[in-house]
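Here the structure is laid out as structure tokens; the discussion comes afterwards.
The values are calculated or read from the model by the stated rules, or taken from the named source; none is laboratory data. Remember, it's a predicted structure, so these values are computed and weren't measured experimentally. No Cβ is skipped: glycine too gets one built from the backbone with ideal geometry, and neighbour counts run over all protein chains shown.
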């Protein structure tokens, strides 16, 4: 199983420098959702990484994938320009939906 990232150009460059081969540059949320949809159809990916900004705008898609499939795990990271104000914590939300346990830190 593989890892892929769908993000802006600057964030992608960092991951390519680290050796990640499946890196897809997008200019807007619509492109990101399209790429993620294509990656979900291949069933070869264990982890899909995207930025906080993209994840917050396609939260419904992420929730649907997490509910229906074991893989891939979709995680969000801050972009190279810095973290965006998050209205949700994707990891805590995933744990809450899958186990029914809410983590409070």
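Does residue 5 qualify as being buried (at least 19 other Cβ atoms within 10 Å of the Cβ), in contact with a strand residue (DSSP E or B) (Cβ under 8 Å, 6 or more places away or on another chain) and modelled with pLDDT of 90 or more? Spelling it out, residue 5 is indeed buried (at least 19 other Cβ atoms within 10 Å of the Cβ), in contact with a strand residue (DSSP E or B) (Cβ under 8 Å, 6 or more places away or on another chain) and modelled with pLDDT of 90 or more. Applying a threshold of 6 Å to beta carbon distances and a minimum spacing of six or more residues, or different chains, the list of pairs starting in segment 19-36 at a residue that is farther than 14 Å from residue 8 by Cβ and ending at one that is surrounded by 15 or more Cβ atoms within 10 Å (Cβ to Cβ) and at pLDDT below 90 reads 33/58. Evaluation of residue 80 against the conditions (1) closer than 18 Å to residue 10 by Cα; (2) modelled with pLDDT of 80 or more shows that the sole unmet condition is (2).
Filter segment 25-57 for residues that are outside any helix (DSSP H, G or I) and touching a helix residue (DSSP H, G or I) at 6+ places or on another chain (Cβ under 7 Å) and give the result.
Within segment 25-57, the subset outside any helix (DSSP H, G or I) is 25-28, 43-51.
Correct list: 25, 26, 45, 48, 50, 51.
May I ask you to list the residues in segment 42-71 that are more than 14 Å from the chain's Cα centre (by Cα) and at pLDDT 85 or above? Outline the logic, then answer.
Initially, segment 42-71 is screened for residues more than 14 Å from the chain's Cα centre (by Cα), giving 42-44, 67-70.
Correct list: 44 only.
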